[in-house]
Amino acid sequence: MSGLRFLDVCAGAGGLALGLEQAGFDPVLLLDKKQVACETLRRNRPDWDVLQMDLLDFVPTEHPQTYDVDLLSAGPPRVKSSATAARTETDEERQLLEAAVLLAHAVQPRALLIENVPGLVEAEALAPLRDFIRQELEHLGYRLRWFVLNAADFGVPQDRKQGVLVALKERYFDLFRPPVPTVENHVSVGSALRVSMAARGWAGAGAWADQASSVAPTLVGGSDNRGGADLGPTGTKKAWARIGVNGGSLADLVPGPDQDGSSDMIKLTVPQTALLQGFPADWHLTGGKTLQYRQIGHASPPPVGKALGRAVADALRVRS
């Protein structure tokens, strides 16, 4: 193994880990409690050490390779950022986020990266949670930087805002700069899906791609207790409809040569939603259609992870 080392918890489908790998980091361990997510990670990276376990049950002393890593990264389930957030002390989402922070006590990484909702950075209701995080990490000698990124600014064809916390040991902090946008013009849905939409000979693919000239609305994975795969609530489905997409469900195949593009909006396939999340075409999801889509909707877009990884690596390598 070469380069910087990282431990990734709440790894999901591997979006953040893939981006960090592209930025020059090598994983020592990836942890997630869901079997289907671990299967996805192992299928795409058989050489990665993947552990299926709830973060709340993880004992670092049983995995000594995680000590003194360069980076501890986490993409825990999204915390609530509404007015109810002040009453979420027992919610799993908050427990997992706090557990990721507390893991720094044992692991002692040089840097910590947590990706979550924009409200983690901005919402008044989450101020007590920010205070808890600040107190825990400052006690360990870290300094913190909070900011919000939009995945569209990094070449992801989607309007997806993410709240980010980067904490670094004192000696590295002043060297860290949050990533700046990597694209001047946002990538549209049509541009991202033009080739795949024409893959089965649909004559209307080009015209559809031309009119799908904006970025996608935020992909929403939804709760594990929800029904089948769809592209989100009513307001989001209306946004999809404006670019010619039926957001009520997902298709098994892209349109074929007999598709009448003038009569119905098309439906996206799971692999197409993965492209809209910034995953490469050769990243394979495991499980049924609904489980695959939930993994995608919950993932951190790899291009954002890559930009964040490069920004952290730049700070760490200067003082190495």
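Dipole of the stretch 189-296, Cα-centred, from +1 at each Lys and Arg C-beta and -1 at each Asp and Glu C-beta, to the nearest 20 debye?
Once rounded to the nearest 20, the dipole reads 260 debye.
Could you tell me which of Phe58, Pro46, Cys10 has its Cα farthest along the dipole of the stretch 1-86 towards the positive end, charges placed at Cβ (Lys, Arg +1; Asp, Glu -1), taken about the Cα centre?
The residue sitting farthest along the positive end of the dipole is Cys10.
So, counting K/R as plus one and D/E as minus one, what does the shell of residues with Cβ under 10 Å around Val148 add up to?
Result for the neighbourhood of Val148: 0.
Can you put Thr218, Thr234 in order of Cβ neighbours within 10 angstrom, beginning with the fewest?
On the way: Thr218 16, Thr234 7.
By the 10 Å Cβ count, ascending, the order reads Thr234, Thr218.
Report the charge-dipole magnitude of the stretch 1-141 in Debye, nearest 20, computed about the Cα centre from +1 at each Lys and Arg Cβ and -1 at each Asp and Glu Cβ.
Dipole of the stretch 1-141, to the nearest 20 debye: 260 debye.
Pick out, from Leu231, Gly305, Ala241, the residue whose Cα sits farthest towards the positive end of the charge dipole of the chain, with +1 on the Cβ of Lys and Arg and -1 on the Cβ of Asp and Glu.
Ala241
Using θ = phi - 60° and the Karplus curve 6.51 cos²θ - 1.76 cosθ + 1.60, what whole-Hz ³J(HN,Hα) does each residue of the stretch 32-42 get, with Gly and Pro shown as x?
Taking θ as phi minus 60°, the curve returns 7, 8, 8, 4, 5, 5, 5, 5, 5, 4, 5 Hz for the stretch 32-42.
Please tell me the relative contact order of the chain in percent, rounded to the nearest whole number, where contacts are Cα pairs under 8 Å and at least six residues apart.
Computed value for the chain: 21 percent relative contact order.
Tilt of helix 92-107 relative to the longest C-alpha principal axis of the chain, in degrees (0 to 90, nearest 10)?
40 degrees
Explain nothing, just the number: dipole magnitude of the chain about its Cα centre with +1 on each Lys and Arg Cβ and -1 on each Asp and Glu Cβ, in debye rounded to the nearest 20.
With only Lys, Arg, Asp and Glu charged at Cβ, the dipole is about 460 debye.
Any read-out appearing in this document is the output of simple, stated calculations on the displayed coordinates, not a laboratory observation. Model, not experiment: these values are computed from the prediction. For neighbour counting, all protein chains shown are included, and Cβ atoms are generated from backbone atoms with ideal geometry for every residue, glycine included.
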